[in-house]
Every structure is written in structure tokens, then in C-alpha cells.
Amino acid sequence: WLSAVLSRADRWEIRFRELETFVSKHGRLPPARSKSSYEKMLATWLNFQCAAFRKQRLPLHRFQKLLASLPLIRRRAAGWQLGDADERFRRRCHELGEYVQLHHRLPASSKL
């Protein structure tokens, strides 16, 4: 029983590190509509963390780890606390502005 619990915790840590590595390398979160099965898997994992948070099933220490992570991951996790559609819109506008400032162009539609 204990080994099963530890194994599950290890899998969470592995996925978390994979997500951080991906974001560090690509400068973006993995899109759920990616052609890459690996990117889709990471996006699905992150979305599952959001669903777990909203259902109050994400342990606090994991949520705190997401909040202490890279800025893109931190912003995504912080956004889960926002139920306000206007605030989500403002956050997405801010993210778009940061992207344009960094890349001097609008993102491809798949990155929105």
C-alpha cells in the first residue's frame, strides 16, 4: 500500500519536472491541441491539476509547488483561483502583451 502511494507521488513529481523542462525549453505551456502526443499529455496533466484544484482534491503542497514554479506555470495555477471571467480575460490580455513584447509578433492561433 505504501509503495503504491509513494509511486503515485513520484509520478506527480516526474510530470511536474517534465512540465517545467518543457516550459523552460519552449517558453510556453504545452497546448492541448498539439500534434505532439507528448505535448498533449503534459497539457492534459496540467488541466487535470486544475480540475483537481477546483474540486479541492489537489493537495496544498502540490498547488504551492505549482505557484513557486516558472512564471508561466505560476500564472496558470494562480488563475485557477479566479472564478471571474473578466479577470481571466485581463490575464489573457496581459499574457498576449508579454508574448508580443518578447516575440514582436502575434502568436499563431494554436498558441492562444
Taking amide H positions as placed in the peptide plane 1.01 Å from N, state which residues far from residue 69 in sequence (5 or more) or on other chains have amide H under 5 Å from it. 74
Under 5 Å between amide hydrogens, which residues at least 5 positions from residue 29 or on another chain qualify, with H placed 1.01 Å from N in the peptide plane? none
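Just so you know, all these numbers are worked out from the coordinates, no wet-lab data involved. Note that the coordinates shown come from a computational prediction; the quantities given were computed from them, not determined experimentally.
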